[in-house]
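Okay, structure first, notes after.
No value in this document is a laboratory result; all are computed from the given coordinates. On a predicted model such as this, the values are computed, not experimentally measured, just so you know. Heads up, the Cβs are rebuilt from the backbone with ideal geometry, glycines too, and the neighbour counts pull from every protein chain shown.
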């Protein structure tokens with residue numbers, strides 16, 4: 001019975017905690033980034049190996065259903081020696097298969113792992129640049145340490161923890177949180193929770209065409225958007241993703257993550273800043289989804305002063321990259337039809353040093369919706385953030401089966417800060433999430449506002465949303481702070497004051513009567529023992 005209870009307690013976090021503990025104690029395990037590289041590379045090999053094994057099992061089943069013997073020498077040569085899969089599964093060389101790696105003796109594991117990586121990188125161009133040469137042999141963990149680590153990673157399986165989840169992203173998030181809390185705050189490196197990505201994707205509906213993320217991190221936006229597309233449309237090949245990432249380790253992780261899922265992608269030739277070395281210069285995308293580093297400092301250099309991306313506006317402030325991200329995203333949106341959904345810190349809604357740019361964005365009719373989100377959605381920060389939606393076409397027309405009305409010079413404001421009723425359990429700090437019903441409700445508010453038949457001038461619900469004209473925004477100094485436009489009710493005015501006063505007066509009379517009764521009982525008690533009260 002005790003054994004069963006112990007098994008029930010095993011979960012992804014407990015496995016990752018054990019891995020973290022092994023790496024902390026291990027001799028020569030390196031920096032946080034080297035530990036993270038080792039862990040994420042192991043997880044990638046585990047997942048790609050599991051997918052290969054599943055592909056082979058399905059191939060065997062298919063051959064048997066066709067009346068063929070998968071163990072026949074000729075059949076094996078024809079179908080298994082150079083197997084092809086239609087779902088993006090890799091035909092792994094023997095030395096790169098997880099089932100082979102875990103059988104290696106502990107003293108040979110470091111070499112076996114690096115051999116697997118080198119073989120993968122040399123046999124498939126999609127995996128070029130995914131791995132650091134000598135990841136394991138350079139660190140050369142002791143046999144017992146690397147064996148323990150491999151055995152723990154072997155427990156992480158999509159079968160156990162959910163096929164639909166971005167497990168590599170979840171591992172990445174865990175190590176951001178546990179190994180580098182300070183670094184993540186300084187560098188603005190945040191893993192975007194699944195529910196936030198789902199909200200953005202449900203709103204802008206990136207169902208086909210090109211999808212761009214200029215700061216793609218571990219690729220979680222792409223992974224989760226592809227899952228939504230697969231659910232809605234059944235075919236992730238309808239989406240081609242483009243992205244860029246500045247951090248070398250995270251760039252490699254994104255390539256691993258996308259390669260594992262068989263998602264067509266172009267992350268540029270190398271890792272670099274989207275500002276100083278735009279890998280997709282001159283390209284325009286139908287959809288953009290992004291979670292740029294909040295309030296990023298140190299983004300600017302003198303060569304950006306007269307950059308074409310802000311030539312029609314003004315150069316964004318050097319102290320903060322928020323509006324540089326906005327203008328960069330806008331420069332890559334497909335003219336006349338591009339749509340973008342991205343997150344920014346709330347300060348971007350009314351900063352005085354970005355007023356000129358914000359005014360022109362509004363006058364040029366690029367901003368479609370501003371949605372303030374609840375606090376505590378992220379693990380690595382508790383701040384409330386804003387979802388911005390930009391749209392190159394607010395004139396109306398057909399969009400994914402909907403008839404859109406003309407929404408020129410209108411902006412929809414939403415305030416979801418009170419949607420905090422779904423706490424996430426088993427976290428070391430307070431965290432909430434948006435559930436499917438809330439996401440659908442928020443998307444419905446936005447889509448209804450877009451649809452034909454809606455009167456934008458009357459589209460409002462107090463304390464939740466409001467459609468606002470450009471003239472009203474101009475009267476408010478070009479501020480995009482929702483509380484300046486959404487009606488907030490003074491709930492004190494709802495009190496029935498005469499009734500409330502009667503209730504309070506009655507409570508006071510009851511208290512006085514009770515005190516009088518207590519005094520009387522006390523006097524009688526003292527008289528009973530021969531004392532009087534003066």
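Legend: calculated FRET efficiency, residue 302 to residue 57, from the Cβ-Cβ distance at R0 = 60 Å, rounded to 0.05, equals 0.55. Spin-label model, residue 125 to residue 440: label points 7 Å out along the Cα-to-beta-carbon direction sit 4.4 nm apart. Sequence-distant contacts, meaning Cα pairs under 8 Å at least 6 residues apart, place the relative contact order of segment 204-333 at 26 percent. One Cα centroid belongs to segment 112-141, the other to segment 9-41; the line between them spans 19 Å. The order of the peptides 123-132, 304-313, 48-57, 218-227 by mean Cβ neighbours within 10 Å, most packed first, is 218-227, 48-57, 123-132, 304-313. Looking at segment 192-484, the DSSP beta bridges with both ends there are about 55 percent antiparallel. Within segment 345-490, antiparallel bridges make up roughly 80 percent of the DSSP beta bridges whose residues both belong there.
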